[in-house]
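Student: Can you keep this structure in mind? I'll have questions shortly.
Read the figures in this text as sums done on the coordinates, not as results from a lab. Keep in mind that what you see is a predicted model, and the values were worked out from it rather than measured. No Cβ is skipped: glycine too gets one built from the backbone with ideal geometry, and neighbour counts run over all protein chains shown.
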Amino acid sequence: MPAALVLNLGLGFAALAALCLSLDRHHREVFRSRPGKRRVVALRLAGWVGIGLSLLLTGHVEGWDLGLVGWIGALTGAAVALVLLLSYRPRIVFPAGAGALVVGAYAGLLLLLR
């Protein structure tokens, strides 16, 4: 189901981007400043909640037998894309993560309305 894959990729990329931006090195590369303790906690919380939410939604939409396999594959693809962005264009990680979250939320809305 394509909408489930888009949902999984969008939420996974946004969650992994939040986790990466909670690290001092990546935060400085993207924002040119050190993160505060509250921002680090908020980014880590958002990242782990996003990963958990993407797992639950994928399991619910596609079933736990194939949904789990699709979730791992989509999360791996999102991680590869994030690593490439952090390596070559770190300044666009935040806008890309925000865009991925919007696209993933839209795909989730489409799944709810079907």
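Student: Could you put 19, 82 in order, starting from the residue whose Cβ has the fewest other Cβ atoms within 10 Å? Display every interim value, and only then the final one.
Tutor: Values: 19 19, 82 22.
The most exposed by this proxy come first: 19, 82.
Student: While we're here: Among 80, 30, 48, whose Cα sits farthest toward the positive end of the charge dipole of the chain (+1 at Cβ of Lys/Arg, -1 at Cβ of Asp/Glu, about the Cα centre)?
Tutor: 30
Student: Give me 29, 62 sorted ascending by neighbouring Cβ count inside 10 Å, so fewest comes first.
Tutor: By the 10 Å Cβ count, ascending: 29, 62.
Student: Okay, next question. If the viscosity is 0.890 mPa s and the temperature 25 °C, what Stokes-Einstein diffusion coefficient in µm²/s follows for segment 34-75 when Rh is the Kirkwood radius over Cα pairs?
Tutor: Estimated via Stokes-Einstein, D reaches 217 µm²/s.
Student: Taking the number of other C-beta atoms within 10 Å as the exposure measure, put 54, 33 in order starting with the fewest.
Tutor: Final ranking by Cβ density, sparse to dense: 33, 54.
Student: I would also like to ask the following. Return the calculated 222 nm mean residue ellipticity for the chain, to the nearest 500 deg cm²/dmol, obtained by summing -39500 (n - 2.57) across DSSP H runs with n ≥ 4 and dividing by the residue count.
Tutor: -30000 deg cm²/dmol
Student: While we're here: Semi-axes of the equivalent ellipsoid of segment 2-113: what are they in whole Å, largest first, if each equals the square root of 5 times a C-alpha gyration tensor eigenvalue?
Tutor: Values: eigenvalues 132, 36, 28 Å².
Rounded to whole Å, the semi-axes are 26, 13, 12.
Student: Further question on the same structure: How large is the charge dipole for segment 2-113, taken about the Cα centre, if only the Cβ atoms of Lys, Arg (+1) and Asp, Glu (-1) carry charge, to the nearest 20 debye?
Tutor: 800
Student: May I ask you to evaluate 6.51 cos²θ - 1.76 cosθ + 1.60, the Karplus curve with θ = phi - 60°, for each residue of segment 36-42 and list the ³J(HN,Hα) values in order in whole Hz, giving x for glycine and proline?
Tutor: x, 5, 5, 5, 4, 5, 5
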